[in-house]
Structure formats: structure tokens, C-alpha cells
1. When the residues of the stretch 99-112 are filtered to those that are in contact (Cβ under 8 Å) with a residue 60 or more places away in the chain and in contact with a strand residue (DSSP E or B) (Cβ under 6 Å, 6 or more places away or on another chain), which remaining residue is farthest from residue 23 (Cα to Cα)?
2. Are there any pairs, at least 6 apart or on different chains, whose C-beta atoms fall under 9 Å, with the first in the stretch 141-168 and over 17 Å from residue 112 (Cβ atoms) and the second surrounded by fewer than 17 Cβ atoms within 10 Å (Cβ to Cβ) and of a type outside the set (A, V, I, L, M, F, W, C), and if so, which?
3. So which of 74, 96, 90, 68 is farther than 23 Å from residue 10 by Cβ, in a strand (DSSP E or B) and either in contact with a Lys or Arg (Cβ under 7 Å, 6 or more places away or on another chain) or touching a residue at least 12 places away in the same chain (Cβ under 8 Å) (or both)?
4. Could you tell me which residue of the stretch 150-168 is nearest to residue 32 (Cα to Cα), considering only residues that are open to solvent by less than 30 Å² (accessible area, probe 1.4 Å) and assigned to a strand (DSSP E or B)?
5. Which of the residues belonging to the stretch 1-43 are crowded, with 17+ Cβ neighbours inside 10 Å, aliphatic (A, V, I, L, M) and touching a strand residue (DSSP E or B) at 6+ places or on another chain (Cβ under 7 Å)?
6. Based on this model, can you work out whether residue 129 counts as out of contact with any Phe, Trp or Tyr (no Cβ under 9 Å at 6 or more places or on another chain), among the hydrophobic types (A, V, I, L, M, F, W, C) and either on the phi > 0 side of the Ramachandran plot or open to solvent by 70 Å² or more (accessible area, probe 1.4 Å) (or both)?
7. With the condition kept exactly as written, say whether any residue in the stretch 74-91 is farther than 29 Å from residue 149 by Cα and at pLDDT 95 or above.
8. Mind listing whichever residues of the stretch 99-149 are in a loop (DSSP other than H, G, I, E, B) and acidic (Asp, Glu)?
Amino acid sequence: MRVVDVDGLRLVTATVQDAEVVFRLMQLYYFESSAWSGEEILPSGLYDSTLLDVQLRLRDEPEWTRLLWLDGVLCGFVQVDNVEIEGRRLPELADLFILPKHRGKGIATAVVKALVRPETGDWLLATFWKDKAALAYWDRNLAKMGMTHRVPSGPEHADFRLFVITAR
């Protein structure tokens, strides 16, 4: 298990043993985003993710999810994918979810600074066009986080606003 401490926040790489915790947090994330995504809850009472999906992904992609802990309290997660863009593979800040109680404490900034460092090169940041709060957050804060950003070359994506971000 890999742990990164930055600004009082611990990013702990999730393992298969953490699958239930990751799954529950993902359900909260889907619930919150359903307000703008239009995603419907399934007859099972869950959103479109299964515990088995999470277990397999954690097994097959051990760097996929980091659990976020602030002062010993679980406060969210970040997921990192590996994507092809502009003819190369880049890590992507795919999902960053902070429980509402813990927002406004600088957690997102600490997460970005822990992951996107000068030596890690370019990263992709994708935000749903319909997620107005996230779009506004990144517009206000990327430069404050010490990130340069640009829109990647190629056609605009219908669902996502894409940025290539780099730590200065």
C-alpha cells in the first residue's frame, strides 16, 4: 500500500481489501452527480456500478483509486485512469470526490499537488460539461494550484471539457 502525505492529507492507494469502501463512496458520488447527469438509480437501489466491478478494477489496476484521509477521517477518493490523447498516454484525474462535510478545506488542492508534480509531466483533467460547480471550481483554482493548462488538440468532446494540466 502506498501512502502520500501532503498538507495534513493522506492519499492511501486502495487495494482489493478496500473494495467495499470504494464502492460505497462511488455510490455517494453517483448519487450527488445524478442531479446534473440524469443517471437513474437501478431497481436494486444502486447506481450503475457493482462491488465486483470495483474489486476487479482494484485488482487489475492497482493505482486506480486513492482513499483520502484528513486527520484520520475518510473524506473522499480520487481515481486515476490512463488515457490516450494527442497520440500519447497520459494519467487522468478521472474522478475526485470529497464528501460535502469536508469541502472547502483545501483537500482538492492537496490532492492535485500530490499527484500532478513537475516530474510527473502532463495529466488530463476531464470535467463533465453539465457539472457546472466542477467547471467553475477548476476555472477558479488551477492557476492557484500552480498548474498550467491548455485545451488538448483535436475535436471538442461532447460530454467533457478537457484540459491538459502540468505543474509549474
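The values are calculated or read from the model by the stated rules, or taken from the named source; none is laboratory data. Predicted, not measured: the structure shown is a model, and the values here were computed from it. For neighbour counting, all protein chains shown are included, and Cβ atoms are generated from backbone atoms with ideal geometry for every residue, glycine included. Heads up: the accessible areas ignore ligands, DNA and RNA and are worked out on the full protein's heavy atoms, side chains in. Shrake-Rupley method; radii C 1.70, N 1.55, O 1.52, S 1.80 Å.
1. 110
2. If the second residue must be surrounded by fewer than 17 Cβ atoms within 10 Å (Cβ to Cβ) and of a type outside the set (A, V, I, L, M, F, W, C), the pairs left are 152/86; 153/86; 154/86; 159/130.
3. Among 74, 96, 90, 68, only 90 is farther than 23 Å from residue 10 by Cβ, in a strand (DSSP E or B) and either in contact with a Lys or Arg (Cβ under 7 Å, 6 or more places away or on another chain) or touching a residue at least 12 places away in the same chain (Cβ under 8 Å) (or both).
4. 163
5. 9, 11, 12, 14, 22, 25
6. no
7. The answer is yes; a qualifying residue exists.
8. Result: 122, 131.
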